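The values are calculated or read from the model by the stated rules, or taken from the named source; none is laboratory data. Computed from a prediction, not measured in an experiment: that's the story for all the values here. Cβ atoms come from the backbone with ideal geometry, glycine included; neighbour counts cover every protein chain shown. When the accessible area is computed, the model is the full protein with side chains, heavy atoms only, and any ligands, DNA or RNA have been set aside. Shrake-Rupley method; radii C 1.70, N 1.55, O 1.52, S 1.80 Å.
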Amino acid sequence: LNALKNAANAFIGAVAEKAAGADKTIGTDDDVEHRIAVVGFASKSGNGNNTELLSITGRNSGSVGVAYNNIIDQNLKDVLQSMDNPNGRDMVNAAINALSAEGATRTDLGMDMAQRILNANPVPTGETRNRVVIVFTDGSPTDFNGFEMDVANAAINKANAIKNSCLLYTSPSPRDRQ
């Protein structure tokens, strides 16, 4: 978990640096709008409620988090944080630091939230933008009872729908490593 947090925070720093443009100064004409959202997924809605939008002000994980069953349409827009803004970077860093290893691995719900975020934030007409989803998981889709095919299949179906609108990166499953 610490290695994941370190890597994610380094990624955020690199994205923020790219947002500053070629002159490396935020607030000038060459800035690039890069936005990041952080989603945590661990258990089904109502069961610990630790599947949540993290890069948004809420009450779940300390100063961040909106639980899966409490998400409203505006949350899906507000969760994307601008990397050319110190407040956005701080919120995303707080979200990364709020991650914990606890509960099940409901990758399907994490993918569902990613798809909902993408749908709530379409690329404006006439604008070209890369959209990327990066999924970090322990590779065992579960609802507390070990590998569960229904959770895995739901995650795969969501990933398939998402891949048509963006780049999708996932960590390998244990079966891929064998």
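Quick one: give the max-minus-min coordinate of the C-alpha atoms of the range 108-167 along each principal axis, largest first, in Å.
The Cα atoms of the range 108-167 stretch 47, 16, 14 Å along the principal axes, largest first.
Once the piece of chain linking Thr57 and Lys24 is laid out straight, how much longer is it, given 0.36 nm per residue of separation minus the C-alpha distance between them? Kindly include the intermediate steps, with their values, before the conclusion.
Details: separation 33, 0.36 × 33 = 11.88 nm, distance 2.85 nm.
Full extension of this stretch gives 9.0 nm more.
Just the number please: accessible area per residue for the range 61-101, 1.4 Å probe, all protein chains included, in Å².
Details: 1980 Å² over 41 residues.
Per-residue accessible area for the range 61-101 comes out at 48 Å².
So if I place +1 on the C-beta of Lys and Arg and -1 on the C-beta of Asp and Glu, and nothing else carries charge, what would the dipole magnitude of the range 1-40 be about its Cα centre? I want it in debye, nearest 20.
340
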